[in-house]
Amino acid sequence: MRMGRAAAVAVAAAVLVGCQGGGTGGDGTTGGGAVADGATQTPGPEEKGPDAALTAAAEVMRKAGNGTFTLATPTGRGLAPGSGGLTWSGPDAAIEYTQDASDTGLRTRVVGAEAYLGLTEPTAATAPPGPRWCKVGDIPWRASPNNSTLLLLSRVMNPVAQLDAARTAGASPGAVETVDGARLTRYRAVEDAKAVLATIPGLDQGDEPGHRTTGFRNALQKSGSLTVDLWLNDRRELVRYRAYGEKEGPDQAVVVNYANLGGGPALA
């Protein structure tokens with residue numbers, strides 16, 4: 001049964017007052033386009049090899065600097081479909097995510113190596129006086145192997161880092177596909193946990209118990225190597241990202257669609 005609006009506001013405000021860490025979560029449904037179900041794939045000649053294409057795309061995305069995204073997730077992974085804005089032009093990349101639910105009262109923001117929970121704008125407008133944002137402690141969100149949402153947001157908030165990681169891992173030659181009516185070129189790379197961790201800001205490679213890298217590494221190693229698909233449009237913009245672990249398979253993939261490149265919201 002859906003809670004009333006007033007109750008949702010009260011619950012969201014209470015979460016911030018007692019904020020001790022952890023991320024947003026929930027079960028979602030698989031979505032995010034039709035690569036698996038409706039794509040028409042034909043191996044096609046490339047204007048450039050994968051290294052050159054991904055390098056060019058990284059420069060295009062670096063110049064764009066910001067955008068918006070939608071997130072589609074499988075069920076049972078502690079993730080929920082959602083959307084938001086992201087920026088990677090400053091010293092710290094940042095991303096803000098809100099679940100796709102009418103009664104959602106909280107949003108999640110990751111800025112560099114820090115994470116925050118905040119009230120959505122509609123909730124903040126009617127909430128009683130009190131904090132609107134709460135910083136999530138380092139240990140709760142970095143060391144929890146179950147914190148799938150924050151791990152994912154940390155991975156995808158910088159498209160330039162994703163393109164560089166795929167190039168370094170040795171992406172396969174591009175395949176031309178039609179996805180949701182758009183002609184895109186897909187590049188695939190298989191990345192180990194170390195390569196994925198390198199795309200996440202503020203992480204060292206320490207192994208001591210409780211180290212902030214430990215939870216992320218454990219979560220990634222549970223999945224095995226990560227298969228990453230990157231779709232570029234004819235302007236060399238990265239418009240679609242898909243990733244799944246070797247122990248999970250493509251039916252458990254997470255899909256992120258990037259849009260409004262260069263026209264995303266300010267995340268201050």
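Each value in this text was obtained by applying a stated rule to the coordinates, not by laboratory testing. Please read these numbers as outputs of a predicted model, since none were measured by experiment. Positions of Cβ are backbone-derived with ideal geometry, glycine not excepted, and every protein chain shown enters the neighbour counts.
Highest average first, the peptides 117-130, 93-106 ordered by how many other beta carbon atoms sit within 10 Å of their residues are 93-106, 117-130. Computed from label points 7 Å out along Cα-Cβ, the spacing between Arg62 and Trp133 is 2.8 nm. Between Ala52 and Ala198, the contour length at 0.36 nm per residue exceeds the Cα-Cα span by 50.5 nm.
Using a simple spin-label model with pseudo-atoms 7 Å out from Cα toward Cβ, Asp100 and Val190 lie 3.1 nm apart.
Whole-Hz Karplus values for the range 63-73 come out as 5, 5, x, 6, x, 10, 8, 10, 10, 10, 9 Hz, taken residue by residue from phi with 6.51 cos²θ - 1.76 cosθ + 1.60 and θ = phi - 60°; glycine and proline positions read x.
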